[in-house]
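Below you'll find the structure, written out as structure tokens, and then a few comments.
The values are calculated or read from the model by the stated rules, or taken from the named source; none is laboratory data. Here the structure is a predicted model, which is why all the values come from computation and not from measurement. As a convention, Cβ positions derive from the backbone with ideal geometry for all residues, glycine included, and neighbour counts pool all protein chains shown.
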Amino acid sequence: MPTTVNLFEHGQDCRPNSPCAACRANEFLRGRLSEDDYEKFLALMLVYQSQEKESIALDELHLSARTYGCLKTAKVQTVGDIVQFSEGTFLRIPNIGRKSLNEMKEVLGKLGLAFKPE
Ligand SMILES: [Zn+2]
């Protein structure tokens, strides 16, 4: 299976004399696209990556049993469903408390996402 490359994140092994896979991919694209097309391509990739994140299923987030149960009951299925909540509306889910809120903020943070502003 081919490994996927996040074009926006350097690998841990990135050095000026031996660039990581993301740097090499960016260099390759920049050499073959006009500046304008390269910018458009990157913008498209950002949209694509955020859509990918929002399609992550609840089961894949490794939540505590309590948080998972509450969300399941509230028919929350994906990360995309979660980011529809603000912190305030999230706390209105039956049995969700501060602890679950903080847990979820951490999970969203790791994905580079957040709750909606109030
Ligand atoms: Zn790099």
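Here are some notes:
- When restricted to residues that are within 20 Å of the chain's Cα centre (by Cα) and either of a type in the set (S, T, N, Q) or within 9 Å of the ligand (Cβ to nearest atom) (or both), the stretch 22-46 contains 1.
- You will find that of R92, R66, the residue that is free of Cβ contacts under 8 Å to residues at least 12 places away in the same chain and either assigned to a loop (DSSP other than H, G, I, E, B) or among the charged types (D, E, K, R) (or both) is R92 and no other.
- Within the option set L71, L101, L91, L58, being surrounded by fewer than 15 Cβ atoms within 10 Å (Cβ to Cβ), away from the ligand (no atom under 16 Å from the Cβ) and not β-branched (V, I, T) holds for one residue only, L91.
- Selection count where residues are of a type outside the set (A, V, I, L, M) and either assigned to a loop (DSSP other than H, G, I, E, B) or outside the structural domain of N102 (by TED's automatic domain parsing) (or both), scope the stretch 79-89: 2
- Qualifying position, being aliphatic (A, V, I, L, M) and either assigned to a helix (DSSP H, G or I) or out of contact with any helix residue (DSSP H, G or I) (no Cβ under 7 Å at 6 or more places or on another chain) (or both), among V5, V76, V107: V107
- Residue that is hydrophobic (A, V, I, L, M, F, W, C) and touching a residue at least 24 places away in the same chain (Cβ under 8 Å), where the choices are A74, A114: A114
- Single condition A74 does not satisfy, out of (1) closer than 19 Å to K110 by Cβ; (2) touching a Pro at 6+ places or on another chain (Cβ under 9 Å): (1)
- Test: residue in the stretch 61-68 that is modelled with pLDDT under 95 and surrounded by fewer than 16 Cβ atoms within 10 Å (Cβ to Cβ): yes
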